[in-house]
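Here the structure comes first, spelled out in structure tokens, and everything after it is commentary.
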Amino acid sequence: VAGVAGAPPRAADPAWQSLALGARPPYVDDMEVLLAPTPDGDISFRSGYPDASLQPLAALQGALARASRRPGVWGRQPPEGNPDLRAWFAREASGALAVADTLIVPGGQAALAVTIRALCPPGAPLLVESPTYVGAIAVARAAGVVPVPVPSDTEGVRPDLLAAAFRATGARVFFTQPTFANPNGSVLARDRRADVLAAAEAAGAFVIEDDFAHDLAFGPRLPPLVTLDPGRVVYIRSLTKSAAAGLRIAAVCATGPVATRLRGARSVEDLFVSGPLQEAALELVTSPAWPRHLRALTRTLAARRDAAVSALRRSWPAARLALVPSGGYHLWIELPHGVDDLAFSRAAAAAGVHVSPGRSWFPAEPTGNFVRLSYAAAPEDAIREGIARLGRL
């Protein structure tokens, strides 16, 4: 016979925790724009990852099952990562890098975190494109680094203003997404690339290149910036955007003493990346299925982009789209005059459509009211219906 259950322990008054925690860190709010869930049945233009229909799930499942049975895969892995996987990332950078220059890390966000912390001491300025990836802003603030905006346009960051920012701040690091930048979709123009690197060279500064959309071009694309100056550019490449969010595999590539600094910073994170996950990623990207998957992925994303642009012109003509991107997964829309981005995003959510308010992508005051629409996780019918609802708002 079971004994009579006693009363559950009384919960302690948690009010003391508010005093111990202090002020809420601003980077927590920065990341909520990326991580907030979408209720079932609603239309999401917020996700930065391909939906299940665009993921190579069968290939991933098979690769992971086989990888988990390989001898030694569950043991301690080399801190730099699987040598064959490192070699694949190095080859992908157009031959500008070697295996020894490459570190495997658990996803692109982790790559940003370790790189910014390694290169920027607390209190130092970090030059960033404006607007720029909100995750980079959050990482900088969490590390005690000060993100400093450098204006960009439809052809990427403006080199003249970048040079002026280096002189004014004494910064030694510039963060950029030169290919299909998040959020505005710009590609750094060919005739600006040498000037950007020259500005960094004159300042004795590093350039962090986040090549997150490497595989998401809808046609020919320019080679990574690192190919022009591998000694100055610290290169980041992730597989999550082109495969699946759960494939937390990325690489950080650098040459010279900065590579030693990155290895040291990486060693205090989590020692090494899961062996089965590295083996599965290697099998996936070296299989004949990988190029087929990328062709299908970019073909579908291009169709979704076209559906979104057509729907904007038909159902929401007041929305201003300065650039139709030639790759990536998002559109950067300027709202009609007088429409607040936060208020609009809340009203859209109440109508069952979720967008990202634009102010989160600015490290300082925004230059206008914008929203980011991602078409990665919504089929074409949902894209048309969602934009029609936004137009009615």
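The values are calculated or read from the model by the stated rules, or taken from the named source; none is laboratory data. As the structure is a computational prediction, the values presented were derived from the model and not from experiment. FYI the Cβ positions are ideal-geometry reconstructions off the backbone, even for glycines, and counts take in every protein chain you see. Just the protein is used for accessible areas: all its heavy atoms, side chains included, with ligands, DNA and RNA removed. Shrake-Rupley method; radii C 1.70, N 1.55, O 1.52, S 1.80 Å.
When a 1.4 Å probe is rolled over the protein heavy atoms, the share of accessible surface on the chain that falls to carbon and sulfur comes to 57 percent.
Between residue 313 and residue 202, the modelled labels are 4.1 nm apart [label points 7 Å from Cα along Cα→Cβ]. Stretching residue 389 away from residue 245 to a fully extended chain increases their span by 49.0 nm, per 0.36 nm per residue minus the current alpha-carbon distance. For segment 151-246, the solvent-accessible area with a 1.4 angstrom probe is 33 square angstrom per residue. Other residues lying with their Cβ under 14 Å from the Cβ of residue 257 contribute a combined charge of +3, Lys and Arg counting +1, Asp and Glu -1. Residues of the chain were split at every exposed loop site, defined as trypsin sites (Lys or Arg not before Pro) in a DSSP loop with at most 15 other C-beta atoms within 10 angstrom, and the longest piece left, sites excluded, is 77-393. In segment 185-322, a dipole from Cβ-located charges (positive for Lys and Arg, negative for Asp and Glu) runs towards its positive end, and of 186, 284, 311 it is 311 whose Cα lies farthest in that direction.
For a modelled paramagnetic label at residue 320, 7 Å from Cα along Cα-to-Cβ, the residues of segment 113-147 in reach, with backbone nitrogen under 19 Å, are 130-132. Result for the chain in a Gaussian network model with C-alpha springs under 10 Å: among 351, 15, 171, the largest mean-square fluctuation is at 15. Projecting the Cα atoms of 204, 161, 325 onto the charge dipole of the chain (Cβ charges, centred on the Cα centre) puts 325 farthest toward the positive pole. Between residue 164 and residue 74, the FRET efficiency from the beta-carbon distance, with R0 = 56 Å, is close to 0.60. Each Lys and Arg adds +1 at its Cβ and each Asp and Glu adds -1 at its Cβ; summed about the Cα centre, the chain shows a dipole of about 440 debye.
Along the axis of the charge dipole computed for the chain (Cβ charges of +1 for Lys and Arg, -1 for Asp and Glu, origin at the Cα centre), the listed residues 22, 12, 57 are led at the positive end by 57. Beta-bridge orientation, the chain: approximately 55 percent antiparallel, per DSSP, counting only bridges with both partners inside.
Evaluated with a Cβ-only charge set (Lys, Arg +1; Asp, Glu -1), segment 224-331 carries a dipole of roughly 520 debye about its Cα centre, given to the nearest 20.
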